[in-house]
Amino acid sequence: MTQTEPVDVPIVQIQNLTKNFGATYAVDNINLEIHQGEFFSLLGASGCGKTTLLRMLAGFETPSSGRIIIDGQDVTDLPPYERPVNMMFQSYALFPHMTVADNIAYGLKQEKMSRQARKERVNEMMALVQISKFANRKPDQLSGGQRQRVALARSLAKHPKILLLDEPLGALDKKLREETQFELVNIQERLKTTFIVVTHDQEEAMTMSTRIALMHEGRIEQLDTPRRMYEFPSSVYAAKFIGLANITHGVVISQEEDIVTIHSDDLGTEIQVSHGQPLVAGMEVSVVVRPEKIKVHQGETDSPNAVTGVIKEIAYLGDVSIYHAQLESGKRIKFTQSNIQPLAEQPFTWDQTVSLNWSPYSCGILTQ
């Protein structure tokens, strides 16, 4: 998704932030800057520390050490209600006895905003998330997607400098979740509010974010734009977590300019990979190849990085099919084929022998 570039001013500065529970470090010495106007995602598996980090930003968890600076102010020891942030919870936490309009107005009423100003702000927020016609309904009279919109409107009503969202789309079905991703981005673009989202869904993070911090065991594994994180993962963990990836291991044989020759027992052959940094012969490395980068042939090919395998698994996903081809070594290689024509049969089938190859410039070397 194309988005305008955020203003290059760090509205959030996290400095040496640590949170431990006894001997367990949920967040381990994190340094991070988030810019004004960003749609920033904290991505990772359960237990990686992303939610703990979000809760420390909100003020619901106290850091063991380190500092949190928001818009130039050290808020490390401030309670949640004194921070220029608001949080949208995964459960939405709507008041069941209040109407939609009253739910949205609740925080404004606590701030002693005048009745007329409150009414105008509530109407503005309901129009923003397209729920004006539900103003007098109670939460139990709404669908999951409608309740999500109410929670978002309530979170935005106080015009926070930063909106924190904890798995905001987790309760929605897949189709509604995909639609809401685009709506969230459009709302964020219109308001220019900094959004910081916690999610375990890689597609969600890739679709919505200007940048992603991939977390692993309390640390940031990689901090990058969605495109760079996919195309240039910094580690085997990052390559496996973001999208489908074929990871093979090997040993560097030689390097001429930017082309590295690697022997891989996994593949049973030598392969060539473009790599700009010098590598030492004998060095153990991993090579990542995305399934869509692989070309497939029914006969043999003399192209670089060619291997032969037998198709053992096929997954039809509508727009694409994913194939698993088993090599003589036992290693399985995943490749994809776009289903452009409405064929009754797959172009390749089970137990078919195929030749696979990929360009030295469409794969990458990982040293960690």
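Counting only residues that are outside any helix (DSSP H, G or I) and modelled with pLDDT of 90 or more, which one in region 97-113 is most open to solvent (accessible area, probe 1.4 Å)? Steps first, answer last, please.
If we filter region 97-113 for residues that are outside any helix (DSSP H, G or I), which is where we start, we get 97-99, 111-113.
Going one step further and asking which of them are modelled with pLDDT of 90 or more, we end up with 97-99.
Numbers: His97: 126, Met98: 36, Thr99: 25 Å².
Here the residue is His97.
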Condition set open to solvent by 40 Å² or more (accessible area, probe 1.4 Å), assigned to a loop (DSSP other than H, G, I, E, B) and out of contact with any helix residue (DSSP H, G or I) (no Cβ under 9 Å at 6 or more places or on another chain), scope region 239-273, selection farthest from Gly309 (Cα to Cα): answer is Glu257
Looking across region 302-319 at residues that are surrounded by fewer than 15 Cβ atoms within 10 Å (Cβ to Cβ) and hydroxyl-bearing (Ser, Thr, Tyr), the single one that is modelled with the highest pLDDT is Tyr316
Given (1) touching a helix residue (DSSP H, G or I) at 6+ places or on another chain (Cβ under 9 Å); (2) surrounded by fewer than 20 Cβ atoms within 10 Å (Cβ to Cβ), Pro160 misses just (1)
(1) in contact with a strand residue (DSSP E or B) (Cβ under 9 Å, 6 or more places away or on another chain); (2) touching a residue at least 24 places away in the same chain (Cβ under 8 Å); (3) open to solvent by 40 Å² or more (accessible area, probe 1.4 Å); (4) not in a loop (DSSP other than H, G, I, E, B) all hold for Glu33 apart from (2)
Filter region 192-238 for residues that are β-branched (Val, Ile, Thr) and either free of Cβ contacts under 8 Å to residues at least 60 places away in the same chain or not in a strand (DSSP E or B) (or both); the one that is nearest to Ala153 (Cα to Cα) is Thr193
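Hey, can you tell me all the residues within region 140-152 that are touching a Leu at 6+ places or on another chain (Cβ under 7 Å) and surrounded by 20 or more Cβ atoms within 10 Å (Cβ to Cβ)? I'd like the intermediate steps shown before the answer.
To start, the set of residues in region 140-152 that are touching a Leu at 6+ places or on another chain (Cβ under 7 Å) comprises 144-145, 147-148, 150-151.
Hits for region 140-152 are Arg147, Gln148, Val150, Ala151.
If I ask for residues that are open to solvent by 30 Å² or more (accessible area, probe 1.4 Å) and either modelled with pLDDT under 90 or under 16 Å from Gln90 (Cα atoms) (or both), which ones from region 129-139 would you list? Quick ask: steps written out before the conclusion?
Quick first cut of region 129-139, residues open to solvent by 30 Å² or more (accessible area, probe 1.4 Å) only: 130, 132-133, 136-138.
Result: Gln130, single match.
Yes or no: region 208-226 includes at least one residue that is among the hydrophobic types (A, V, I, L, M, F, W, C), at pLDDT below 95 and in contact with a Ser or Thr (Cβ under 9 Å, 6 or more places away or on another chain). Write out each step before concluding.
Restricting attention to region 208-226, the residues satisfying the condition of being among the hydrophobic types (A, V, I, L, M, F, W, C) are 208, 212-215, 220, 223.
Then drop every residue that is not at pLDDT below 95, which leaves 208.
When the remaining residues are screened for being in contact with a Ser or Thr (Cβ under 9 Å, 6 or more places away or on another chain), the result is 208.
The answer is yes; a qualifying residue exists.
The values are calculated or read from the model by the stated rules, or taken from the named source; none is laboratory data. What you are looking at is a predicted structure, and each value in this text was computed from that prediction instead of being measured. Here Cβ is always computed from backbone atoms with ideal geometry, including for glycine, and neighbour counts include all displayed protein chains. Heavy atoms of the whole protein, side chains included, go into the accessibility calculation; ligands, DNA and RNA do not. Shrake-Rupley method; radii C 1.70, N 1.55, O 1.52, S 1.80 Å.
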